[in-house]
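The values are calculated or read from the model by the stated rules, or taken from the named source; none is laboratory data. If you're wondering where the values come from, they're calculated on a predicted model, not measured in any experiment. All Cβ positions, even for glycine, are placed from backbone atoms using ideal geometry, and neighbour counts span all protein chains on display. Quick note on the areas: whole protein, heavy atoms, side chains included, nothing else; ligands and nucleic acids left out. Shrake-Rupley method; radii C 1.70, N 1.55, O 1.52, S 1.80 Å.
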Amino acid sequence: VRWLLQTRVRFTPFLARMRFVLFPRADLIQHEAETALLKTLEEPPDHTRFIFLVRDLSELKETISSRGVIVPFQRLSGPVIQELVGSAGMRDLDLLGGSLHMLPFMQTDLFHKLKEMIAAGLKHPKALAELEQWIMNGERKKFSEAGPDDEYDYGEVVETMGLLMLNQTADHARRREIARAVFALKSELHRDMVGSNAAAMGRFFFELAAALFPERANPPRREVQTQAGY
């Protein structure tokens, strides 16, 4: 929460007029996070709105609910969700983050190819290197043209790639390192500096390799024993 307030909320959005900060499990907010949020909730910036989701209002701390507007709603039924996602598959719904904006991209062959290469790259460093080459060698243009109206921002595709990696990684420490690398990459892409994106992507995959395969990034030292006097 402190990272969010210091590096995101205090600044205006890059593209949109308004930023929405979503807490999908607001019942998990602990005391320190709640304390850090209160001042911002009392005097929120004009360009940011907070949405706290809970299954029952009693699960949300009163100090938070008293500073907002309560909007009750029901979940979509299974058949309705299946009709919306179509061929994308129910298992990938978490990648959408509650928005259907990237759903058409998830229904493309390019997305399924990306998903397969990520699954392989998380298991072996050679496959991870192949994923990097695949993305760097012209796939960026394909990503930007994946939608019917060429509406996908490269950063959004990168975020989808990061979410795929997180969903396919069970180890908590590795998930944390992947998330950190994805945020750093997106921040670099937002700067939109000429020639910097390729370097940022290379650094991203270097950090991934170090997090996923630490034994290869830091090989054990070998001690050479010699005879006395030599």
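Sorting 99, 66, 196 by solvent-accessible area of protein heavy atoms yields 66, 99, 196, largest first, with a 1.4 Å probe. For the stretch 170-181, putting each phi into the Karplus relation 6.51 cos²θ - 1.76 cosθ + 1.60 with θ = phi - 60° gives couplings of 8, 5, 5, 4, 5, 4, 5, 5, 5, 4, 4, 5 Hz, in residue order, rounded to whole numbers and with x for Gly and Pro. A probe of 1.4 angstrom, applied to the heavy atoms of all protein chains, finds residue 70 with accessible area near 100 square angstrom. Taken one residue at a time, the phi angles of the stretch 66-77 give Karplus couplings (6.51, -1.76, 1.60, θ = phi - 60°) of 6, 9, x, 10, 8, 10, x, 7, 10, 6, 6, 6 Hz. Gly and Pro are set to x. Relative to the current alpha-carbon distance between residue 133 and residue 82, full extension at 0.36 nm per residue lengthens the span by 14.9 nm.
Once backbone amide H atoms are built at 1.01 Å from N, residue 21 has 49, 50, 51 as its partners under 5 Å, excluding neighbours fewer than 5 places away on the same chain.
Calculate, in nm to one decimal, what residue 73 and residue 41 gain on full extension: separation in residues at 0.36 nm each, minus their alpha carbon distance.
Details: separation 32, 0.36 × 32 = 11.52 nm, distance 2.20 nm.
Using 0.36 nm per residue and subtracting the Cα-Cα distance, I get 9.3 nm.
Going from most exposed to least, what order do 9, 69 have by accessible area with a 1.4 Å probe?
Working: 9 5, 69 135 Å².
Greatest to least solvent exposure: 69, 9.
Between residue 59 and residue 20, the modelled labels are 1.9 nm apart [label points 7 Å from Cα along Cα→Cβ].
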